[in-house]
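A short write-up of the structure that comes next.
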DNA sequence: GTCTGAATTATACGCTTGCATAATTACGCA
DNA sequence: TGCGTAATTATGCAAGCGTATAATTCAGAC
């Protein structure tokens, strides 16, 4: 008679968080098909049946994990704005640079994002989350662009179209760098992004701001 | 005694192609997990066991399907260059416009691409195929850019960095349009792409070329 | 015509998956 | 100190997965 394995109770939120983190880890490492109920439970140090106690179905768990990931990315992005200077151009420059530098450019993040994109194409709920987070990022970029142009006395220009283009550029660089990490030197990526924004917006950033992270 | 179902022999290549097409359809519609051996066989009008006769393993079939997709995309992209005029700037403009217009911007293509990207992140073979096709596209863009700059007497500039940025921009627009089809009007997408290239390269395309598809 | 080999179907096996359910354990509270 | 309840484990099941293998059928060669 092997005795029943001992355990400690972790309380609701902590267990939920652990299960979500385990799910994200597994998806990042081995794709959605690696995130089986048994694998998730094993990584979370728990027994498979417990998942059913916190999530009605596995899909619920995956959806919760996706939401947690997106929230975390949004918060990271928001935090990046905190340390930036007041000068509108410098703020925009810092934001662009941060968007193509670690920890944003993280293979794990790109892997998770591409896994989520597949679901976005098929699931209406996922598409709603994606649209919201996409627009949140783009709106923030648009605001920064509008401020920068305003500081140059160019209020009338179409900041939204510029934000769409800038967002696409950052997305493209982010994805390509994540997929082919060896092909892009971090510094090159940053200088390409900044130079491209100078071209897109017809502006010129100050040259001596590389100290700003 | 139900008699054994009758069949006609399709010969090697036709059956291979049919199986590959069925695989791509299923992945596009329901993601990789929908492309089971049984579903593929059903859609191809065939019995599951036959797959093993043409492909040693299911992974082989999926890899063959990915290669067929990429080859097809590359050939479509190459064909778009055929009908373009000789003027370097007009050629570049037409190529950019084609890259963000149907049939390139096709939800099915984006769905398939995002499914493949997941495998790229994990499988070395897939990564090799991706690198090759990515560079093939980028090199073509770089050549077009170099010609356009050359026609303006600006030979010395860094066409490769500009191609990286331009490629990222096109990729980003392509992906976002594919994921949120209702958010982008095709004409807006095209004008944003063209205007962005004017900014990136500091050039100005002729205004009266919208007739060129 | 019939023979023969390849193309195709049919069947079955072992494994993994998600999920349901019952038995047990830890912990707060009286 | 004992009890009650929520948290957790243990076990089992039905379905679907990829694959192996044997039986059958077609189509062309002689």
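Some notes on this structure:
- Within the protein assembly as shown, the ratio Rg/Rh, alpha carbon atoms throughout and Rh by Kirkwood, equals 1.02.
- Copy-to-copy label separations for residue A:125, where each label sits 7 Å from Cα toward Cβ, in nm and ascending: 3.6
- Counting every other Cβ atom within 10 Å of each residue's Cβ, B:73, B:42 order from fewest to most as B:42, B:73.
- Choice from A:128, A:98, A:177 with maximal GNM fluctuation in chain A (Cα, 10 Å cutoff): A:128
- Calculated log₁₀ intensity ratio I(q)/I(0) where the Debye formula runs over C-alpha points of region B:38-124, q = 0.12 Å⁻¹: -0.54
- Under a Gaussian network description of chain B, with springs only between Cα atoms under 10 Å, the residue in B:30, B:11, B:172 that fluctuates furthest is B:11.
- All-pairs alpha carbon distance profile, region B:10-63, 10 Å steps from 0, percent: 27, 63, 9
- Helix A:186-201 and the longest principal axis of the Cα set of chain A meet at an angle near 50°.
- Rounded tilt (10° steps) of B:107-122 against the dominant C-alpha axis of chain B: 80 degrees
- Neighbour counting of Cβ atoms within 10 Å sorts the residues B:70, A:117, fewest neighbours leading, into B:70, A:117.
- Relative contact order for chain B, counting Cα pairs under 8 Å that sit 6 or more residues apart, in percent: 21 percent
- When chain B is treated as a GNM with alpha-carbon contacts under 10 Å, the residue of B:180, B:92, B:141 showing the greatest mean-square fluctuation is B:180.
- Helix B:58-82 and the longest principal axis of the Cα set of chain B meet at an angle near 30°.
- For the pair residue A:154 and residue A:86, label points projected 7 Å from Cα toward Cβ lie 2.4 nm apart.
- Spacing of the modelled spin labels on residue A:136 and residue A:191, each 7 Å from Cα toward Cβ, amounts to 3.5 nm.
- Whole-angstrom gap from region B:54-119 to region A:14-30, using each part's C-alpha centre: 34 Å
- Oblate is the label for region B:82-138, because a/c, from the alpha-carbon gyration tensor with a ≥ b ≥ c as root eigenvalues, is 1.5 or above and a/b does not exceed b/c.
- Computing FRET efficiency as 1/(1 + (r/R0)^6) for residue B:204 and residue A:71, where r is the C-beta to C-beta distance and R0 is 51 Å, gives about 0.75.
- Average partner coverage of B:166-178, which counts Cβ from other chains inside 10 Å: 6
- Averaged over the residues of A:193-201, the number of partner chain Cβ atoms lying within 10 Å of the residue Cβ comes to 5.
- Distance in nm between pseudo-label sites at residue B:147 and residue B:59 (7 Å out along the Cβ direction from Cα): 4.2 nm
- For chain B, the mean residue ellipticity at 222 nm estimated from helices alone is -23500 deg cm²/dmol, where every DSSP H run of n ≥ 4 contributes -39500 (n - 2.57) and the total is divided by all residues, rounded to the nearest 500.
- Taking the Kirkwood radius as Rh and the Cα radius of gyration as Rg, chain A has a ratio of Rg/Rh equal to 1.07.
All of the numbers you see were taken from the coordinates with simple rules; none came from a lab. Quick caveat: nothing in here was measured; it's all calculated off a predicted structure. FYI the Cβ positions are ideal-geometry reconstructions off the backbone, even for glycines, and counts take in every protein chain you see.
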